[in-house]
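Worksheet for the structure shown next.
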Amino acid sequence: MKINILTLFPELFSAFKSQSIIGRAVKNNLIEINIINIRDFCFDKHQQADDTPFGGEGGMVMKPEPLFRALENCGGKVIYTSPQGVKFDQQLALKLKEEEEITIIAGHYEGIDERVVENKVDMEISIGDFVLTGGELPSMVMVDAIARLIPGVITQASYENDSFFNGLLDYPQYTRPAEYMGLKVPDVLISGNHKKIRDWRMKESLKRTYLRRPDLLKDREFSKEEKKFMKEILEELMEGEK
């Protein structure tokens with residue numbers, strides 16, 4: 001997969017591209033990440049990438065000329081990081097990982113000239129209902145979420161157990177030692193009984209989702225097993241309130 005990121009601050013991506021899982025994926029040619037400096041396409045002597053907005057008001061707006069020029073060298077679906085965009089989630093990450101190439105515009109200031117949005121952008125995406133200094137962090141968040149779903153970047157078993165992959169939050173995780181300062185790992189996890197472990201994980205995942213993110217269960221089509229576990233969970237919670 002090829003990912004192009006248009007930014008005013010390319011240096012922010014140096015460590016992101018070279019470290020950890022993303023770094024290994026790049027090194028192994030599983031993904032290609034091209035960081036494109038928008039200022040390279042500003043042809044005035046000051047390399048000015050922004051200007052004051054028409055109609056007054058404060059702030060600055062990213063100019064159309066350098067963005068149009070930069071996009072001439074990029075392909076695939078063009079994404080703009082914007083508070084007005086659709087909310088980024090795991091399902092959208094799964095859809096985007098099917099693309100052969102995507103291009104992300106990291107917005108700044110008051111945003112980019114609307115003519116770029118109307119004529120070049122295929123999708124506006126927001127990572128949450130809050131305001132950031134620029135689109136570089138949202139770009140990294142999206143690339144990280146998408147890249148780890150690409151075959152070979154991590155094992156399939158790893159990402160299939162992630163929160164949100166199956167619409168639920170992840171179950172609690174433990175590692176060695178089995179006991180530390182009197183705190184013990186649940187017996188079922190060291191029992192060697194794989195069915196009991198699977199059932200425990202499913203039930204804990206449902207319980208955690210019910211308690212922390214009940215909105216995720218609102219339209220869920222529960223399997224027969226999940227209905228059984230939810231019944232047990234609700235009975236246990238009611239018993240605990242007595």
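The values are calculated or read from the model by the stated rules, or taken from the named source; none is laboratory data. Model, not experiment: these values are computed from the prediction. Positions of Cβ are generated from backbone atoms using ideal geometry, with glycine treated the same way; all protein chains shown enter the neighbour counts.
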Quiz item: Just to be sure, is Val116 in the same structural domain as Met60 (by TED's automatic domain parsing), assigned to a helix (DSSP H, G or I) and under 27 Å from Asn29 (Cα atoms)?
Solution: no
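For the structure I just gave you, tell me whether Gly56 is in the same structural domain as Asp129 (by TED's automatic domain parsing), more than 30 Å from Leu168 (Cβ to Cβ) and at pLDDT below 95.
On the way: in the same structural domain as Asp129 (by TED's automatic domain parsing): yes; more than 30 Å from Leu168 (Cβ to Cβ): yes; at pLDDT below 95: yes.
Considered against the rule, which asks whether it is in the same structural domain as Asp129 (by TED's automatic domain parsing), more than 30 Å from Leu168 (Cβ to Cβ) and at pLDDT below 95, Gly56 comes out as yes.
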Quiz item: Would you call Arg148 touching a residue at least 40 places away in the same chain (Cβ under 8 Å) and in the same structural domain as Gly85 (by TED's automatic domain parsing)?
Solution: yes
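Residues are listed down the side, and each one gets a yes or a no for (1) within 26 Å of Glu221 (Cβ to Cβ); (2) of a type outside the set (A, V, I, L, M, F, W, C):
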residue	(1), (2)
Ile79	no, no
Leu94	yes, no
Glu100	no, yes
His194	yes, yes
Practice problem: Considering only region 83-96, state which residues are more than 20 Å from Leu71 (Cα to Cα) and over 11 Å from the mean Cα position of the chain (by Cα). | Solution: Pro83, Gln84, Val86, Lys95
Practice problem: Would you check if there is a residue in region 85-92 being assigned by TED's automatic domain parsing to the domain that holds Asp44, surrounded by fewer than 15 Cβ atoms within 10 Å (Cβ to Cβ) and touching a Leu at 6+ places or on another chain (Cβ under 9 Å)? | Solution: yes
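For region 132-141, check the following and say yes or no: at least one residue is in the same structural domain as Thr81 (by TED's automatic domain parsing) and either surrounded by fewer than 11 Cβ atoms within 10 Å (Cβ to Cβ) or at positive phi (or both). Please lay out each step first, then the result.
As a first pass, look at region 132-141 and keep what is in the same structural domain as Thr81 (by TED's automatic domain parsing): 132-141.
So of that shortlist, the ones also either surrounded by fewer than 11 Cβ atoms within 10 Å (Cβ to Cβ) or at positive phi (or both) come out as 133.
Yes: one or more hits.
Here is a yes/no grid of residues against (1) out of contact with any strand residue (DSSP E or B) (no Cβ under 8 Å at 6 or more places or on another chain); (2) over 25 Å from Glu235 (Cβ atoms):
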{"residue": "Gly135", "(1), (2)": "no, yes"}
{"residue": "Met140", "(1), (2)": "yes, yes"}
{"residue": "Val143", "(1), (2)": "no, yes"}
{"residue": "Gly152", "(1), (2)": "yes, yes"}
{"residue": "Asp187", "(1), (2)": "yes, no"}
{"residue": "Leu217", "(1), (2)": "yes, no"}
Quiz item: Tell me, which strands (runs of 3 or more DSSP E) lie completely within region 1-88 with 3 or more residues that are under 17 Å from Lys120 (Cβ atoms)?
Solution: 2-7, 77-87
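Would you point out the residue of region 48-87, among those that are β-branched (Val, Ile, Thr) and touching a residue at least 12 places away in the same chain (Cβ under 8 Å), that is nearest to Glu136 (Cα to Cα)? It would help to see each step written out before you state the result.
Within region 48-87, the first condition is being β-branched (Val, Ile, Thr), and the residues that meet it are 52, 61, 78-79, 81, 86.
Among the residues that remain, those that are also touching a residue at least 12 places away in the same chain (Cβ under 8 Å) are: 61, 78-79, 81, 86.
Details: Val61: 16, Val78: 15, Ile79: 13, Thr81: 9, Val86: 17 Å.
Per the stated criteria, the residue is Thr81.
So which helices (runs of 4 or more DSSP H) are wholly in region 129-242 and hold at least 2 residues that are over 30 Å from Phe16 (Cα atoms)? Full working, then the answer.
On the way: elements: 136-147, 156-160, 194-212, 224-241.
The helices (runs of 4 or more DSSP H) meeting that bar are 194-212, 224-241.
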